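Comments concern the structure below.
Since every read-out is calculated from the coordinates, none of them should be taken as a lab result. This is a predicted model, so every value here is computed, not measured. For neighbour counting, all protein chains shown are included, and Cβ atoms are generated from backbone atoms with ideal geometry for every residue, glycine included.
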Amino acid sequence: MPRRPLRAYLLWLVLVTLLPGVVGASLLFVHQYQKSRAQFERNTMQTVRALVHTVDSKLLQAQVIAQTLSTLDALQDRDFPLVHRQAREALQLAGDGMVAVLRERSGQQILNTAVAYGERLPLEPSDSLEKVFASGRPGISRVFIGKVVGEPTVSVDVPVMIDGSVAYVLSIGVRPGYFDDMLTPRSVSDGARASVVDAGGTIFARNLSPERFVGNRVTDPLFRAMGRQREGIVQSVSQEGVALLTFYSRSEATGWHVAIGMPRSNLNQVLFEPLAALLTGVLLLFAVGLWLAWQIGGRLARSVQALTVPAVALGKGETPPRFTQVHVKEAAEVAEAISAASTLLGERAQALAIKEAELRDAHRMARFGTWHMQLPGGDLITSESVPHIYGRELPPFDEQRGSVLPEESWQRASALIRELQRTGGSGRLQLQVLHAEGHRIWIDLHCEAVQDGDARVSALRGTIQDVTDRVNAEEALRQADQRKNEFLAMLAHELRNPLAPIASGAQLLGHDTLDPARTRQISGIIARQARHMAGLVDDLLDVSRVTRGLVTLSKVRLDVNDVLAEAMEQVQEPLRQRGHTLTSSLPATPAWVMGDRKRLVQVVGNLLHNAVKFTPAGGKLRVVLELDASRLRIVVVDNGIGMLPEELDRAFEMFVQGERTPDRTQGGLGIGLALVRSLVQLHGGSVRVESPGQGLGSTFIVTLPRSEERSAGISAANTPEASTLQQLKVLVVDDNIDAAQVLAMYVSAAGHEVAVEHDPFDALRRAAQFVPDACLLDIGLPGMDGHELARQLRAAPATANALLVAVTGYGQSQDRDASSQAGFDHHLVKPVDMTDLDRILTAAASGAAAAV
């Protein structure tokens, strides 16, 4: 295998890299050409704008001179010879060959400084003259041939006010030479055609061959371009037939134009000369680079060859000579170049993001547009806002089928167009269209027929409005109304379920033939159903408090194992009734969290009750507690009816439930999972649901942050021995007679002496005589609410130390705070849990007995 020197390989490497360099130089050449042309166009357009400003200034100068002459005292005295002499003297000082003309409304010249006063003057009416007389404001005429001077002229007209009305019009006539000082080589490059054009498109001044072209209209391409927009660049041919690139701009003040046409040959020369120098420089750089590569290759080769001397010396056992290593800094330079390129790309990305944001804002703001469609053909002309609505320019109507308009929308729009073509009139449609970004939007399309002189429909025009937000809002309102109706129907059903056995049991209790066992059975049914109704109301109140941020958690350090045990205990009876099997997998070590025990039990209990309800009889449920370093997961698994994918996304929304049978055997209001999510989020955790599909069960996963492990001794509270209970005197106050009597019966059955009052004022009088140990007070009493009654009982000596218990339907946190501030010792929510009431009265009776 032949061996070649290192320099040869480096030379081949340089030659191989030359080809990409040539390509890169070509691309650089093209880029530089485009950049130079863009800069040339900007500079030329700036020159045109500056010349427009100069034209405005010179016309304004003529107007100022005219306005000054219009105030001469001689004019007010109608001393026209004196006016002629003074005007001629003033214009001689102003220079520029201006002429002053005074005319009547008919156009008859009274004086003209171009000739001696007293010579016969022509009648010279004009539209500009009539406008000045009509409006009383100055005006500028278009180019015309002056009858006196016989040259192209423009008059700057101002009104002459005498006795408060326009008596004459004083005009300053300027000729093309007036603008010669601005169309000099200093302003216009060599070979360029520069023209000053009036508002009607007539050339008034020109730098080249003005004697041939002043007074002529500009070429048709330029004339049409001037009519379309205020300024721009147009390809045209000069009056001499030379191909030009014409730059033009129109004054907003006077409507006059300035146009500069650059011959294409001059343009190419201006652009290609620097590029030729650039190309020469690039080639020179390539040659220098090749030479440097050859030199560097030699240095690398010499560095490698230099290693042979130390190697031979080492083989001989001699001390190798010191080798001076060649250090190459190109790698560092490349790194610096990459860093600079990264910075540049970051800046461009940021600028692009800002532009995209501005574009999105513009699309959101521009939601209304107008359009005009020519018939036949369907070519569309739209306002600038319409492409922002669609995200693109609109093609002709026939090309919109499938690309802009879905088939249904295209058919409806096509039918409306045919109808308007046949009958005329107007129409309106609400259509769904395809946005350029791929999504669909709704538009409100209004159109009307445009008829020509023969009463035939020749075009259609109308408006487009993006109504997507309105349509979506209407759909959201319909869905919300449907969900509201479903929830009300559901709530009515869930409340009727417990009300039916309560009403039936109440009627049975009125029969004298019932034995005690049957009475206890009916009482148990009523109590269970009342607790069920209270649970429904409590769930609704819980959701309301949580969603409004009114729930305050009583967080303590607790073991989640205890929470799961209590929650599983709560569902034992529903499990037994449904024949389910519940298993658990809990760690042997404590799983500490900072949480509210009651609320966490409520979370797990809701998930278990949900699993029990939506699992067919004989199902299997499983509770798993998983731990990692910083979080724990409570997993509730069932093999129930499962969920569809669309149900998974909405499972934790308020009032959302899966498909249910007409008998509604599962029960519930569809708020349990919404409450679960809110409570878990209050604990800093999250909850999610998974399901393989319908009929394949569901898995709910609650994730909570763990608390730090620590050993803590728990001291057991000493349970005091129960004291001998003492009979209490209890006063029951409630304006609901049935509620008061039932509560009194229950307290009496517990062995206490009871007094009942339904009016708060009667209750105060009765309390002074009865001297109760405890008072059970309703809050919503007539004439005096329960809070005020409690304060007066506390103020009375006979009841100052009595136990005050609020028994009310108001159970939110602010209600409990209000009762505490009024002096109540306890707050019970209707329907009263008799276990809680027993505990309160037993504690009071025990304390009273201990005090004896």
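Let's test the formula: R0 of 41 Å, r as the Cβ-Cβ distance of ASP628 and ARG520. What FRET efficiency results, to the nearest 0.05?
In this case the efficiency is close to 0.20.
Under unit Cβ charges (Lys, Arg +1; Asp, Glu -1), what dipole magnitude, rounded to 20 debye, does segment 377-491 have relative to its Cα centre?
It works out to roughly 300 debye.
Along Cα→Cβ, 7 Å out, is where each label goes; now give me the distance between the ones at ARG440 and GLN694 in nm to one decimal.
Placing both labels 7 Å along Cα→Cβ, they lie 2.4 nm apart.
Of the options LEU608, SER554, LEU679, report the single residue whose Cα projects farthest towards the positive end of the charge dipole of segment 552-705 (beta-carbon charges: Lys, Arg +1; Asp, Glu -1).
Of the candidates, SER554 comes out farthest on the positive side.
Need the full-extension length gain, SER265 to ARG576, defined as separation in residues times 0.36 nm minus the C-alpha distance. One decimal, nm.
That pair, SER265 and ARG576, stretches by 102.0 nm at full extension.
Starting from 0.36 nm per residue, how many nanometres of slack lie between THR68 and ARG228 once their C-alpha separation is accounted for?
That works out to 53.9 nm of additional length.
List the GluC sites (Glu not before Pro) within segment 37-113 that DSSP assigns to loop and that have no more than 16 neighbouring Cβ atoms inside 10 Å.
Qualifying residues, ordered by number: GLU104.
Need the full-extension length gain, ASP181 to GLU347, defined as separation in residues times 0.36 nm minus the C-alpha distance. One decimal, nm.
55.2 nm
Grab the beta carbon distance between LEU429 and TRP12, set R0 = 56 Å, and tell me the FRET efficiency rounded to 0.05.
E(calc), rounded to 0.05, equals 0.20.
If you average the alpha carbon positions of segment 766-798 and of segment 123-202, how far apart do those two centres end up, in angstrom?
Distance between centres, Cα-based: 101 Å.
Could you go through segment 28-37 in sequence order and give the Karplus-derived ³J(HN,Hα) for each residue, using 6.51 cos²θ - 1.76 cosθ + 1.60 with θ = phi - 60°, rounded to whole Hz, and x for Gly and Pro?
With coefficients 6.51, -1.76 and 1.60, one gets 5, 4, 5, 4, 5, 4, 5, 5, 5, 5 Hz.
Testing the spin-label approximation: label points 7 Å from Cα along Cα→Cβ at LEU60 and THR835. State their distance in nm.
9.2 nm
Would you mind computing, in nm to one decimal, how far apart the modelled labels at MET161 and ASP469 are, each placed 7 Å from Cα along Cα→Cβ?
4.9 nm
At q = 0.13, 0.14 Å⁻¹, what base-10 log of I(q)/I(0) does the Debye formula yield for segment 366-461 when every alpha carbon is treated as an equal point scatterer in vacuo?
Treating every Cα as an identical point scatterer, log10 I(q)/I(0) equals -0.42, -0.49.
Report the paramagnetic label zone for ALA94: residues of segment 37-68 whose backbone N is under 18 Å from a point 7 Å from Cα along the Cα-to-Cβ axis.
54-68
Highest mean first, what order results for 770-777, 782-789, 121-128, 156-163 on Cβ atoms within 10 Å?
Sorting 770-777, 782-789, 121-128, 156-163 by mean packing, highest first, produces 770-777, 156-163, 782-789, 121-128.
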